[in-house]
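Engineer: Below: one structure in structure tokens.
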């Protein structure tokens, strides 16, 4: 059933007014155990709500807009007032839907569109926060071509287009993770991606400066609701799944700025899965494909300007202190073993030793990374391929530019990365 065919009572999309909670937040748990004094400052509890305050591009008195603030949508995201709008609140959660509605102007996505929510608009209006804990409870679809994400970006770059921009992906997953022909490892939608990025400014083209990524397998990710959280502090960045630490990285300048929230369901992103391994087979996409979200919540830590030293640690603005909480979800078993919260980089650099950056390669190529005193994870086009050294069979890849990445770890903590582009020509 397409969303536009649901009864009006199930489509209560509230345009132009705020829906800060006005009763006990029964669907949102208390603050995380490592921040028991953190204060709840932003909350969207879809387990008890019946409408969503979302506008197209200007926040007004709403809570969300349905496009990226700088109009940099990489996928066709529908407006909340369109016939095939992607949002529905009911049955204890928010649904963001990808559907084959024909709204695909360039025919890039097989006629599919999806949905996105941003807590900041193009004028810088809305919610952002410097330091604290950001969390979303959601159930990812895990179906072919699905690409759900819960992510943060630095707010100052929205208003000042000359600033370097930071991005932190709390959760990003792909329904056809490494599932195309000749891909290794085989497909597994229960792989979560945690990433940080630094981007050049909007006015200088927005190219990537640096990033670090960790791919981890979490069995059961797509079979139920799980919480995906991020704690940002002056001492570092820490990722959590079901409130268990899974990764940490050093803080960088843009992560010290106020961060705004985005959550979306797009298609693509994962590995190609058509017969020639050159693109996506959109016919494999279930119509519809749904991302389900129970809540989005943000707590201010003592480092945050939003933290009120004399106030309660329980309530969002305009809302009473919660009197009922939902138990913390039963953790799923993460792999690898959780990392220390505050990594300590060492001076030795992480570097790709072979092949040479910018070179043209063919046949069997040795891809190696140097990380003195530590280990390294190797990636080709963001797909994990091995540790420290990998025999790369380039004949199974398209003749074009490919991105090689090395992430270095020492004593279980991320310490740096190195990346380069090479051209495959066979």
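FYI, it's all coordinate maths here, none of it is from the lab. Keep in mind that this is a model prediction, so the values were computed, not measured. Glycine gets a Cβ as well: all are built from the backbone with ideal geometry, and neighbour counts include every protein chain shown.
Engineer: Between residue 37 and residue 235, how many nm apart are label points set 7 Å from Cα along the C-beta direction?
Structural biologist: About 1.3 nm separates the two model spin labels.
Engineer: I'd like the distance separating the alpha-carbon centroids of segment 106-175 and segment 262-304, in whole Å.
Structural biologist: 10
Engineer: Oh, and also: When ranked by the protection proxy of mean other Cβ atoms within 10 Å per residue, highest first, what sequence do the peptides 145-152, 278-285 form? Walk me through the intermediate numbers first.
Structural biologist: On the way: 145-152: 25.0, 278-285: 16.8.
Per-residue Cβ counts within 10 Å, averaged per peptide and sorted highest first, yield 145-152, 278-285.
Engineer: While we're on this one: From the Cα gyration tensor of segment 124-260, with a ≥ b ≥ c the square roots of its eigenvalues, which class applies: rounded if a/c is under 1.5, or else prolate if a/b is larger than b/c, or else oblate?
Structural biologist: Here segment 124-260 falls in the prolate category.
Engineer: R0 = 25 Å: FRET efficiency of residue 58 with residue 104, Cβ-based, nearest 0.05? Intermediate values should be presented prior to the final figure.
Structural biologist: Numbers: r = 25 Å, r/R0 = 0.98.
According to the calculation, E is roughly 0.55.
Engineer: Using a/c under 1.5 as the rounded threshold, could you call segment 63-106 rounded, prolate or oblate? The axes a ≥ b ≥ c are square roots of the C-alpha gyration tensor eigenvalues, and prolate needs a/b larger than b/c, oblate otherwise. Intermediate results must be reported in sequence, preceding the final value.
Structural biologist: On the way: a/c = 2.29, a/b = 1.31, b/c = 1.74.
Because a/c hits 1.5 or more and a/b fails to exceed b/c, segment 63-106 counts as oblate.
Engineer: Return, for the Cα atoms of segment 351-424, the radius of gyration and Dmax in Å, separated by a comma.
Structural biologist: 11.9, 38
Engineer: Can you sort 221, 153 so the residue with the fewest Cβ neighbours within 10 Å comes first?
Structural biologist: Values: 221 22, 153 25.
So the ranking, lowest neighbour count to highest, is 221, 153.
Engineer: Separation between the residue 420 and residue 209 pseudo-spin-labels, each 7 Å from Cα along Cα→Cβ, expressed in nm?
Structural biologist: 2.2
Engineer: Also, quick follow-up: Kindly rank 164-170, 120-126 from highest to lowest mean number of other beta carbons found within 10 Å of each residue.
Structural biologist: Numbers: 164-170: 22.0, 120-126: 18.4.
Put in order of decreasing packing, that is 164-170, 120-126.
Engineer: Still on this structure, I have one more. Once label points are set 7 Å from the Cα along Cα→Cβ at both residue 362 and residue 387, what is their separation, rounded to one decimal in nm?
Structural biologist: So the two model labels end up 3.5 nm from each other.
Engineer: Please give the FRET efficiency for residue 200 paired with residue 400, using the beta carbon to beta carbon distance and R0 = 30 Å, rounded to the nearest 0.05.
Structural biologist: 0.85
Engineer: What is the extension gain from residue 73 to residue 91, computed as 0.36 nm multiplied by their sequence separation minus the C-alpha to C-alpha distance, in nm to one decimal? Intermediate results must be reported in sequence, preceding the final value.
Structural biologist: Numbers: separation 18, 0.36 × 18 = 6.48 nm, distance 2.89 nm.
Roughly 3.6 nm would be gained on extension.
Engineer: On to the next question. Let a ≥ b ≥ c be the square roots of the eigenvalues of the Cα gyration tensor of segment 79-128; is it rounded (a/c under 1.5), or, if not, prolate (a/b larger than b/c) or oblate?
Structural biologist: oblate
Engineer: Something else: Assuming 0.36 nm per residue, please report the length gained on full extension of the stretch residue 284 to residue 51 beyond their Cα-Cα distance.
Structural biologist: 80.7 nm
Engineer: Enter the Cα centre distance for the pair segment 237-253 and segment 79-103, rounded to the nearest angstrom.
Structural biologist: Using only Cα atoms, the two centres lie 31 Å from each other.
Engineer: Another question about this same structure. Equivalent ellipsoid semi-axes for segment 3-300, as square roots of 5 times the alpha carbon gyration tensor eigenvalues: give them largest first, rounded to whole Å.
Structural biologist: Largest first, segment 3-300 gives 26, 24, 20 Å.
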